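Below: one structure, written as structure tokens.
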Amino acid sequence: MKTRPLTAAEIAALQSTGCTSTDWQQINVSPDFNPRWVERTRFSGDVTLGSFTGEFTFPGGVSAHSGIRDAWIHNCTIGDGVLIKGVGNYIAGYDIGPGCHIANVDRIVCDEKSTFGNNSPVSVLNETGGREVPLVDNLSASLAYVIAMYRHRPGLIARLQEMIARYAAGIASDRGTIGPGVKIVNTGTIRNVRIGEGAVIDHATRLENGSINSNPSAPVYIGNNVIARDFIVSSGAEISDGATLKHCFVGQSCRVSGGFFAHDSLMFSNCDFACGEACAIFAGPFTVSQHKSSLLIAGMFSFLNAGSGSNQSNHMYKLGPIHQGVVERGSKTTSDSFILWPARVGAFSLVMGRHDQHSDTSDMPFSYLIEQNNETWLAPGVNLRSVGTIRDAQKWPRRDRRRDPHRLDMINYNLLSPFTVGKMMRARGILRNLQAVSGETSGVYYYQNARIKGSALRRALDYYDIAIRKFMGNSIIKRLEGIDFRSIEQVRERLRPTEPDGRGEWIDLSGLFIPKEALEDLFAAIEKGTITTLGPVEDFFRDIHSRYYDMEWTWVYDVWHSVYGVRLEEITAAEIIDTVRGWQQAVIGLDEMIYDDARKEFSLSSMTGFGIDGSEGDKRLDFEGVRGAFETNSFVEAVKRHIVEKRALGDELIERMNSIGS
């Protein structure tokens, strides 16, 4: 900003409106500065003032001209068109961007060389330390997962920590910044906080040592009675209604409200927290907890829906809060559920009751864990037929609130993937082995400190088989979609993978599906020093995410023989037709299970409380007036359409295969 010293006339004008300065010569102003808009203000240190042109209009039609009134400004640069009024103590050590509105605040100060929350350690998962993740701007769930969970690779962790430390040193400053268009009103203390463009801070109590990474595409909102210390808040986030955060990362478009208290916790994209508590949690994308009686502690979650009173314990014996647990993606905990860590819950599972047996069901996705007589009973695969599971998978993409074009977390929403299907294939082998050891007619089987009823085990084999064949059929149909083949050789050529990565085990990097071998390549590059900054690491995750479907097909191609006993390089048209017919049966069979499960929501027992003062007929009419009829329910209609569409899709491929022969 081009500036000049104050003129004698301007100094006199400022003094006439009650302004003072320890040294008027330390004040520089914009060429078109007008002292008319500065009143009752104390200046000290080096101060630069912009031009005060333009007005602010507030709700109700109230307007105010830009300028400074009733404030103490110390060592600050203030941009054009800023309105500052009613500062109880002072504003010191800040560069304030154009168009900001600051009113009725106590103190805004940068009083030391600060990294604004960057490189502050978060003792995630283990309260006593050992898995600390340093806060850093633009932290992704995938990078945090690696730092927290790969402590068996000390060289890797040291390199990543060095990258974060260097980044923090590079942005360290003894000057705070308030970006253009920021609004800070009715707020207490802001100390050593960097505030991005367009942020709104309204009635916050205290913010210390942090970064608010707001931008015009996705402004951040910090609301009433919020207290935050040692924090980073990402674009689009909303924190309000008495929330308290200490040593926390808040991801893009998260919502934290209703007096929620969290410390030493990481919360990534689209998490929603209200009323309860979080202690040392790793909350991957779409983790939700909205009940006052719920406590999430020392756990890793993603796509979680925590019921009222959900709780865990990280004290197993007498050595303190050293234990941790993992609840894999898409799981739910019912009201008053409890898990004693250490434990691990498989993806898309339902946890009901109290569980203190330290079970590990990570290789049994889509399961129920139910407490009976203080014991954990496992019903593997049963959640595959649940209407709730399908509804969840459909709603997450729709509920992605991120508006920032630069998305930090790479999120794959697929219900069936090499990650979940690979686990189901392992689950089938485990369950068959249990049968072989204990006998196929056994009433109860024992697995990882859980009990499985014989009937549940046999049903699980069917559920997993249906889901595996559905996924494999989906993949081959997609691969062959829209192409007219003249020979089986052309089909086989099309089926050959074009992506070298994808074989072997896949993992869920807190939202990002990735082949383990590809991740090893990244680790090797970091450990060797080929990658030395955070940018290429995040670029790697972004690239992997963009290549997902090609890598998925490589995985399918690699495991096809183990599922069907046929190698794709030798497959015939007749075998493809058999596969598609089996896929149609699997898809339709699973849809029919989901259809029947949805029907339960429209049973007479579900109508209890409807038609409160009328007859049975009134009850049904009242229910349909609120919930609609079963056959016209949008989800039910979608299931019926899905059955028709998938049958037609399969028939179309069968027709193309029949036309080329074997």
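What the table below lists for this structure:
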| quantity | calculated |
| --- | --- |
| Identity of the residue in segment 240-275, farther than 18 Å from GLY117 by Cβ and assigned to a strand (DSSP E or B), that ends up nearest to the chain's Cα centre (by Cα) | ASP272 |
| Pairs where the first residue, in segment 518-533, is in a helix (DSSP H, G or I) and the second is of a type in the set (Asp, Glu), C-beta under 8 Å, 6+ apart | ALA518/ASP501 |
| Pick from segment 396-423, criterion under 14 Å from the mean Cα position of the chain (by Cα) and assigned to a helix (DSSP H, G or I), ranking: surrounded by the most Cβ atoms within 10 Å (Cβ to Cβ) | TRP396 |
| Filter result for ASP174 (in contact with a Ser or Thr (Cβ under 8 Å, 6 or more places away or on another chain), touching a residue at least 24 places away in the same chain (Cβ under 8 Å) and surrounded by fewer than 19 Cβ atoms within 10 Å (Cβ to Cβ)) | yes |
| Segment 429-470, subset free of Cβ contacts under 8 Å to residues at least 60 places away in the same chain and basic (Lys, Arg), residue farthest from TYR368 (Cα to Cα) | ARG432 |
| Residues of segment 45-68 satisfying the condition of being assigned to a strand (DSSP E or B) and at positive phi | GLY67 |
| Segment 459-503, residues that are hydrophobic (A, V, I, L, M, F, W, C) and in contact with a strand residue (DSSP E or B) (Cβ under 9 Å, 6 or more places away or on another chain) | ALA460 |
| Out of ARG486, ARG426, ARG458, sole residue that is closer than 28 Å to ARG344 by Cβ, over 33 Å from the mean Cα position of the chain (by Cα) and surrounded by fewer than 19 Cβ atoms within 10 Å (Cβ to Cβ) | ARG458 |
| Selection count, segment 222-239, where residues are more than 19 Å from ASN209 (Cβ to Cβ), touching a residue at least 24 places away in the same chain (Cβ under 8 Å) and either hydroxyl-bearing (Ser, Thr, Tyr) or surrounded by fewer than 21 Cβ atoms within 10 Å (Cβ to Cβ) (or both) | 2 |
| Considering residues of segment 561-573 that are out of contact with any Ser or Thr (no Cβ under 9 Å at 6 or more places or on another chain) and assigned to a helix (DSSP H, G or I) only, the residue surrounded by the fewest Cβ atoms within 10 Å (Cβ to Cβ) | SER562 |
| Flag if ASN474 is out of contact with any Asp or Glu (no Cβ under 8 Å at 6 or more places or on another chain), assigned by TED's automatic domain parsing to the domain that holds ARG547 and surrounded by fewer than 16 Cβ atoms within 10 Å (Cβ to Cβ) | no |
| Residue under evaluation SER475, criteria (1) of a type in the set (Gly, Ala, Ser); (2) modelled with pLDDT of 95 or more; (3) assigned to a helix (DSSP H, G or I), criterion not met | (2) |
| Hey, VAL587 part of a helix (DSSP H, G or I) and at pLDDT 95 or above or not | no |
| Flag if THR57 is among the hydroxyl-bearing types (Ser, Thr, Tyr), touching a Ser or Thr at 6+ places or on another chain (Cβ under 8 Å) and either closer than 24 Å to VAL200 by Cβ or crowded, with 17+ Cβ neighbours inside 10 Å (or both) | yes |
| Pick from segment 179-238, criterion of a type in the set (A, V, I, L, M, F, W, C) and assigned to a loop (DSSP other than H, G, I, E, B), ranking: nearest to the chain's Cα centre (by Cα) | ALA237 |
| Breaking point among (1) within 23 Å of HIS263 (Cα to Cα); (2) surrounded by fewer than 21 Cβ atoms within 10 Å (Cβ to Cβ); (3) out of contact with any His (no Cβ under 9 Å at 6 or more places or on another chain), for PRO121 | (3) |
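Residue-wise test of (1) assigned to a strand (DSSP E or B); (2) surrounded by 22 or more Cβ atoms within 10 Å (Cβ to Cβ); (3) not aliphatic (A, V, I, L, M).
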site: TRP72; (1), (2), (3): yes, no, yes
site: GLY86; (1), (2), (3): yes, no, yes
site: ALA103; (1), (2), (3): yes, no, no
site: HIS152; (1), (2), (3): no, no, yes
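The values are calculated or read from the model by the stated rules, or taken from the named source; none is laboratory data. Treat the numbers as computed from the prediction; the structure is a model and nothing was measured. Here Cβ is always computed from backbone atoms with ideal geometry, including for glycine, and neighbour counts include all displayed protein chains.
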